[in-house]
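Student: I am attaching a structure below and will ask some questions about it afterwards.
The values are calculated or read from the model by the stated rules, or taken from the named source; none is laboratory data. The model shown is predicted, which means the values in this text are computed figures rather than measured ones. Reconstructed Cβ throughout: ideal geometry from the backbone, glycine too, with neighbour counts over all protein chains shown. SASA here: full protein model, heavy atoms, side chains in, ligands and nucleic acids out. Shrake-Rupley method; radii C 1.70, N 1.55, O 1.52, S 1.80 Å.
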Amino acid sequence: MVGSLLKDPLNLSKEERVFQSQPRFSIVYLLFLKRRIGFIQLKDLLGLTPGNLDHHLKKLEEVGLTRSRRVLSWRPLVVVEITQEGIEVFRNYIVRLKSLLEGIPDKLLYDK
Amino acid sequence: MEALDRVLEALDVVERYEDYLFRRAWGRSLIAIGTLFPLGMVIITNADILAYLTGIDANLVRLVAYAMTIVLCWGLVSYTFFGAWRTIKKESDRREGSSLHGVLIALVWFVSFSLTSLAPEQLTLVSLLWASSLACFLSFVILRLTHTHDPERVILYLALLLGLASILVLAIEDATISGATGLLAFSICFIVAGFIMHRQAAQALRVSR
C-alpha cells in the first residue's frame, strides 16, 4: 500500500491521468483560468506543431475535459474551451495536490 | 516532484498569455486612436466643404464629427481593454487595489484630451500632440508605479516622439502645412507604435527556449 502511495500519491482518476503530460497539463491549466483560447495562440504558447496540438486536444476531448469549435470572425477561427466537467476534474486535482503539500509537517520545513 | 514542475511550467504559459493579451490590447487601441482621431479632425477642419456639399449646417457637421470621433475612439479602446482585463485581472490585484490602474489611465487620457479644448485655435493640432504625449507618459508612469504589468517602453517612446513632433509642428509657419504635418505625425506615431505592440504580443506567445 505504501508502495502504491509512493507511485501514485494523488490516486489519479482516468480523466486526471490524461493531463499528466506537460502540454496537456498546460492546456487544461490555462483553460481553467481563462476558460477559452484560440487554437493558434495555444499552438504558439506551447511551441507545438498544429498536428501535435491537435493530438493533445483530441486526448482531452475524448475524456470530456475540453471541446473545440469554429467561430466566425473576419477569418475562420478554432477556439478551444474547457467543459464544466473539465473545470470540476481539474479543480479537484488541484485541491488534492494542495492538501498533499499541506500534509508536510511544519517542523520539516523549518528544522535546520 | 513532477506535478509541481508541471504547475510551474504551466504558470509560465499563463503569464505569457496574459502578457500577449495586454500588449495586443494596447496595440489595437493605439492603432484605433491613430486612425480615428486624425480622420475625425480632418472632417472637423473641412466641415465647411462638407456642409456645402451636403447642405447641412457646418456647425452640425463639426458637432457630429466630434461626437462620433469621441464615441468611436473611446468605445473601441474601452471594449478592447475591458476584454483583455476581464481575462487578465488577478485576485491579488483586487486585494492590493491595483486594479484601479485601468481607471486611472482612462482618466488621464480623458483629462489630457479634454484640455485640448482650452487651447487657442491656432494651436489645436499642437495641443493634440502635447495631450497625447502627456497621456502616454502618465500611462507609462502609472504602469510602473502599480507594477501591474511590465511598463511598456513603446508607450514611453511614443510619448517622447509625440513631444518632438509638436516642436517640429510649431517650427512650421504655414498654418495649413503645420496642421497637416501635425495630423500626419500623430497618425504615424500611433499606428507604428500599435504595430510594434502587436509584434511584441506575438513574440510574447512564443516559447522562450
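Student: Pairs only if they're at least six apart or on different chains, beta carbon under 8 angstrom, first in the stretch B:55-78 and farther than 11 Å from B:I43 by Cα, second of a type in the set (G, A, S) and open to solvent by 90 Å² or more (accessible area, probe 1.4 Å); list them, first residue then second.
Tutor: Pairs that qualify, where the first residue is farther than 11 Å from B:I43 by Cα and the partner is of a type in the set (G, A, S) and open to solvent by 90 Å² or more (accessible area, probe 1.4 Å): there are none.
Student: Looking at this structure, is A:I27 part of a helix (DSSP H, G or I), within 30 Å of B:Q200 (Cα to Cα), open to solvent by 50 Å² or more (accessible area, probe 1.4 Å) and touching a Leu at 6+ places or on another chain (Cβ under 8 Å)? Steps first, answer last, please.
Tutor: Details: part of a helix (DSSP H, G or I): yes; within 30 Å of B:Q200 (Cα to Cα): yes; open to solvent by 50 Å² or more (accessible area, probe 1.4 Å): no; touching a Leu at 6+ places or on another chain (Cβ under 8 Å): yes.
The answer is no for A:I27.
Student: Could I ask something else about it? Out of curiosity, is B:R6 of a type in the set (K, R), open to solvent by less than 60 Å² (accessible area, probe 1.4 Å) and either within 23 Å of A:V28 (Cβ to Cβ) or not in a helix (DSSP H, G or I) (or both)?
Tutor: Values: of a type in the set (K, R): yes; open to solvent by less than 60 Å² (accessible area, probe 1.4 Å): yes; either within 23 Å of A:V28 (Cβ to Cβ) or not in a helix (DSSP H, G or I) (or both): yes.
The answer is yes for B:R6.
Student: Does B:D48 satisfy the condition of being open to solvent by 40 Å² or more (accessible area, probe 1.4 Å), within 14 Å of chain A (Cβ to nearest Cβ), part of a helix (DSSP H, G or I) and more than 19 Å from B:S114 (Cα to Cα)?
Tutor: The answer is no for B:D48.
Let's see how each residue does on (1) under 12 Å from the mean Cα position of the chain (by Cα); (2) not basic (K, R):
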position: B:Q122; (1), (2): no, yes
position: B:V126; (1), (2): no, yes
position: B:S132; (1), (2): yes, yes
position: B:S139; (1), (2): yes, yes
position: B:T146; (1), (2): no, yes
position: B:R153; (1), (2): no, no
position: B:L160; (1), (2): no, yes
position: B:A165; (1), (2): no, yes
position: B:D174; (1), (2): no, yes
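Student: Taking the stretch B:164-209 on its own, how many of its residues are part of a loop (DSSP other than H, G, I, E, B) and either within 14 Å of another protein chain (Cβ to nearest Cβ) or open to solvent by 90 Å² or more (accessible area, probe 1.4 Å) (or both)?
Tutor: Of the residues in that region, 5 qualify.
Student: Same structure again: Within the group B:L161, B:L145, which residue is modelled with pLDDT of 90 or more and either open to solvent by 50 Å² or more (accessible area, probe 1.4 Å) or part of a loop (DSSP other than H, G, I, E, B) (or both)?
Tutor: B:L161
Student: Still on this structure, I have one more. Would you pick out the residues in the stretch B:176-209 that are among the polar types (S, T, N, Q) and within 21 Å of the chain's Cα centre (by Cα)?
Tutor: Answer for the stretch B:176-209, where residues must be among the polar types (S, T, N, Q) and within 21 Å of the chain's Cα centre (by Cα): B:T181, B:S187, B:Q200, B:Q203.
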